[in-house]
Amino acid sequence: MRNLNENNITDAVIARFQGCDDPRLKAVLTSLVKHLHAFVRDVEPTEQEWAFGIDFLTRTGHMCDDKRQEFILLSDTLGVTMLVDAINHRIAGKATESTVLGPFYVADPPETPMGGGIGWNVEGEPLFVEGQVRSAEGSPLSGVVVDVWQSDGDGFYDVQKSGMDSPSLRARFRTGADGRYAFWAVTPSAYPIPTDGPVGQMLEATGRHPYRPAHVHFMLKADGFETLVTQVFAEGDSYLDSDAVFGVKDSLVRTYEQRPPGKAPDGRVVERPWRHLSYDFGLKPL
Ligand code: BEZ
Ligand code: FE
């Protein structure tokens, strides 16, 4: 293995994995080298360009800590997160489609009684969210753990706001015997993903906007079913066709219906205009 050149170096590198006794690792690294070398052959980077690429990835790593994951954001904005999601959640029948988790999920959100509010301390237009969780065959599922989280009407999650030390606009519900869930929130708005790091520079340099259409996040867990991570997007939002992270699917778009002041479906009297979002979920058996 001497005198390697641009025609034979790929095979030479791949041959070095011959002794790897983990077949999956061997397959993954072989494919990585093949595609990485093909990328370099395609792009023919100058040495300065390659150094810039290394520096970009280094800065991406330096941006990461326990609160910020710039590599996931890079994966999101290059469409890789949604590609991995699509490969791992090929949906059949009436199961709800999945989409990107995003960086703002916090594990074990506060348990909240059915029908309760998750944003009483937040300014914004009231939003009543309700629906039913069913098996993909259509039977109601009780005891499903439904985690919800969302931005406020200005597009910020609680974890992005300084001085906010208790959870807000995030909660955990459990479906009742009828499989239903319900809660009060505020109408979310479109918002930009974090742009103060290398990913923001990439978006700026390529003329891309950083916005996501307004949505509410859901994570549903039930024994015997695949965990569902998804979002319900607001019909009419101007970013539905250009989501910065490629997460919108038609089946996840609903009208957040405008309602005048008055009685809501749960009997609550709302003194200002409010909105109603109804969404039923189907879970896929394991
Ligand atoms: C979100 O919807 O919370 C999100 C998803 C991907 C990147 C940034 C934010
Ligand atoms: Fe979000």
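Given the C-alpha centroids of the range 72-100 and the range 115-185, what is the distance between them in whole angstrom?
22
Quick one: the Cα spread of the range 82-235 along its three principal axes, in angstroms, biggest first?
Extents along the principal axes, in whole Å: 50, 39, 28.
Taking the Cα centre of each part, how many Å lie between the range 219-286 and the range 2-34?
46
Output the peptides 57-67, 18-28 sorted from most to least packed, where packing is the average of other Cβ atoms within 10 Å over each peptide's residues. It would help to have the intermediate numbers written out before the result.
Numbers: 57-67: 12.1, 18-28: 10.2.
Highest to lowest by the protection proxy: 57-67, 18-28.
Under a Cβ-only charge scheme (Lys and Arg +1, Asp and Glu -1), can you give me the dipole magnitude of the chain about the Cα centre, in debye to the nearest 20? Display every interim value, and only then the final one.
Details: 28 positive and 40 negative charges, 133 e Å.
Roughly 640 debye, rounded to the nearest 20.
Under the rule a/c < 1.5 gives rounded, and otherwise a/b versus b/c splits prolate from oblate, where does the chain land using the Cα gyration tensor?
Prolate.
Please state the shape class of the range 9-73: rounded when a/c is under 1.5, otherwise prolate if a/b exceeds b/c and oblate if not, all from the C-alpha gyration tensor. Write out the running numbers ahead of the final one.
On the way: a/c = 3.07, a/b = 1.35, b/c = 2.28.
Note, shape of the range 9-73 comes out oblate.
Report the full-extension gain for the segment VAL80 to ALA107: residue separation times 0.36 nm, less the Cα-Cα distance, to one decimal in nm.
Extra length from VAL80 to ALA107 when fully extended: 7.4 nm.
Using the Karplus equation 6.51 cos²θ - 1.76 cosθ + 1.60 (θ = phi - 60°), what ³J(HN,Hα) coupling, rounded to whole Hz, does each residue of the range 32-47 give in order, writing x for Gly and Pro?
Rounded to whole hertz, the list is 4, 5, 4, 6, 5, 5, 5, 4, 5, 5, 5, 7, 6, x, 6, 5.
Ignoring ligands, DNA and RNA, what accessible area per residue does the chain give at 1.4 Å, in Å²?
Counting only protein heavy atoms, the per-residue value for the chain is 55 Å².
Run the dipole for the range 119-174 about the Cα centre, Lys and Arg Cβ at +1, Asp and Glu Cβ at -1, nothing else charged, and hand back the magnitude in debye, nearest 20.
Approximately 300 debye in magnitude.
Report, to the nearest whole %, how much of the accessible area of the chain belongs to carbon and sulfur atoms, 1.4 Å probe, protein only.
Accessible surface attributable to carbon and sulfur in the chain totals 54 percent.
Would you compute, for the Cα atoms of the range 119-205, the largest minus smallest coordinate along each principal axis and list the three values in descending order, in whole Å?
Cα extents, longest axis first: 49, 31, 22 Å.
What ³J(HN,Hα) values, in whole Hz, does the Karplus curve 6.51 cos²θ - 1.76 cosθ + 1.60 give for the range 204-216 when θ = phi - 60°, with x put for Gly and Pro?
4, 5, 9, x, 9, 7, x, 7, 10, x, 4, 7, 10
Collect residues whose amide H, placed 1.01 Å from N in the peptide plane, falls under 5 Å from the amide H of ARG134; neighbours closer than 5 in sequence don't count.
Sorted by chain and number, the residues that satisfy this are LEU141, PHE281, GLY282, LEU283.
Cross-link partners among aspartates and glutamates for LYS221, C-alpha distance below 18 Å, same-chain residues fewer than 8 apart left out?
Hits, sequence-local ones excluded: ASP85, GLU97, ASP108, GLU111, GLU130, GLU137, ASP147, ASP178, ASP280.
Quick one: work out the % antiparallel among DSSP beta bridges in the chain, nearest 5.
Beta bridges within the chain, antiparallel portion: roughly 75 percent.
The values are calculated or read from the model by the stated rules, or taken from the named source; none is laboratory data. The structure presented is a predicted model; accordingly, all values stated were derived computationally and were not measured. Cβ coordinates were reconstructed from backbone atoms using ideal geometry, including for glycine residues, and neighbour counts include every protein chain displayed. Side chains are part of the model used for accessible areas, which takes the heavy atoms of the whole protein and leaves out ligands, DNA and RNA. Shrake-Rupley method; radii C 1.70, N 1.55, O 1.52, S 1.80 Å.
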